[in-house]
Ligand SMILES: [Zn+2]
């Protein structure tokens, strides 16, 4: 699963928080499709509603899909802005961390190879508490709080190259995990 949250704070446009993250998840899957890549497992994009005041979308997804939770191999969230990607923060077992760390090295060319231990995100939190491994896209956070929840969070702040790299990071991690011969261990 790849996703971001579609709602935003009620000022600005929510371009960084979290329109950019939502589009990055969407574009990652569009990219797989455009390249004719068909992984062994389904890649699902979820654009979460109501992250900002109560996580109702995340909680409703968990409750609606409760019977399928065991089939969720990994939940990846982008909710730190679509700045220069650095890698991912991973929340899951040591055995899984070793595997996603190795996959991360594929992103060395764009400087996004580092998978750190510990991570996740608000919207995937309810799934992670049910045992689903989770991952948050890590980006250069220097400017995030210049824009976060302010009138300045507008689409002109998105850098197309940084955005494209975020998409690439989400696509590579999402595709390779979905296509592993054996599912990522819990
Ligand atoms: Zn957010």
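The values are calculated or read from the model by the stated rules, or taken from the named source; none is laboratory data. Small disclaimer: the values here were computed from a predicted structure and weren't measured. With ideal geometry, Cβ positions are generated from the backbone for all residues, glycine too; neighbour counts draw on all protein chains shown.
Descriptive notes on the structure:
- The range 138-186 - residue that is outside any helix (DSSP H, G or I) and under 12 Å from residue 24 (Cβ atoms) and, of those, nearest to the chain's Cα centre (by Cα): 139
- Just one of the numbered conditions (1) more than 14 Å from the ligand (Cβ to nearest atom); (2) farther than 26 Å from residue 181 by Cβ is not true of residue 78: (1).
- The listed residues are 56, 38, and the only one of them that is more than 16 Å from the ligand (Cβ to nearest atom) and over 15 Å from the mean Cα position of the chain (by Cα) turns out to be 38.
- Meets criteria (in contact with a helix residue (DSSP H, G or I) (Cβ under 9 Å, 6 or more places away or on another chain), surrounded by fewer than 22 Cβ atoms within 10 Å (Cβ to Cβ) and assigned to a strand (DSSP E or B)) for residue 37: no
- For the range 41-53, filtered to residues that are at pLDDT 95 or above, in a loop (DSSP other than H, G, I, E, B) and in contact with a strand residue (DSSP E or B) (Cβ under 9 Å, 6 or more places away or on another chain), the residue that is farthest from the ligand (Cβ to nearest atom) is 43.
- Subset of the range 46-60 (residues that are surrounded by fewer than 22 Cβ atoms within 10 Å (Cβ to Cβ) and either in contact with a helix residue (DSSP H, G or I) (Cβ under 9 Å, 6 or more places away or on another chain) or over 23 Å from residue 29 (Cβ atoms) (or both)): 47, 49, 50, 52, 53, 54, 55, 56, 59
- Counted residues, the range 56-86 - those being part of a helix (DSSP H, G or I) and in contact with a strand residue (DSSP E or B) (Cβ under 7 Å, 6 or more places away or on another chain): 3
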